[in-house]
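Some notes on the structure that comes next.
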Amino acid sequence: MKLTPPKNITFWISILLGVLGFLGAIVTIPLISTYAFWFLFAGFVLLVLGLLVKGL
């Protein structure tokens with residue numbers, strides 16, 4: 001299995017989702033706090049897919 005670096009936009013979207021999930025877990029934000037785990041999970045999955053799928 002060969003890993004490739006994700007595109008910049010994929011990386012920054014995954015970081016944004018992770019930060020939103022982290023903040024939602026710490027601070028009460030109306031919509032984000034309810035789904036904080038899923039924001040973190042989606043950010044992690046997007047980052048992993050960006051590493052595994054060439055051109056993502």
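The values are calculated or read from the model by the stated rules, or taken from the named source; none is laboratory data. Only a predicted model underlies this, so the values are computations on that prediction, with no experimental measurement involved. A quick note on method: Cβ atoms are made from the backbone with ideal geometry, for glycine too, and the neighbour counts reach across all protein chains shown.
Filtered by the rule that a residue be without any contact (Cβ under 8 Å) to a residue 40 or more places away in the chain and assigned to a loop (DSSP other than H, G, I, E, B), the stretch 7-44 gives 27, 28, 29, 30, 31, 32, 33, 34, 35. Evaluate the stretch 23-39: report whether one residue or more is within 23 Å of residue 5 (Cα to Cα) and not hydroxyl-bearing (Ser, Thr, Tyr). Checked the stretch 23-39: at least one residue is within 23 Å of residue 5 (Cα to Cα) and not hydroxyl-bearing (Ser, Thr, Tyr). Within the set 38, 12, the sole residue that is modelled with pLDDT of 95 or more, surrounded by 12 or more Cβ atoms within 10 Å (Cβ to Cβ) and not small (Gly, Ala, Ser) turns out to be 38. Applying the selection to the stretch 45-56, what residues are outside any loop (DSSP other than H, G, I, E, B) and hydrophobic (A, V, I, L, M, F, W, C)? Residues satisfying the conditions are 45, 46, 47, 48, 49, 51, 52.
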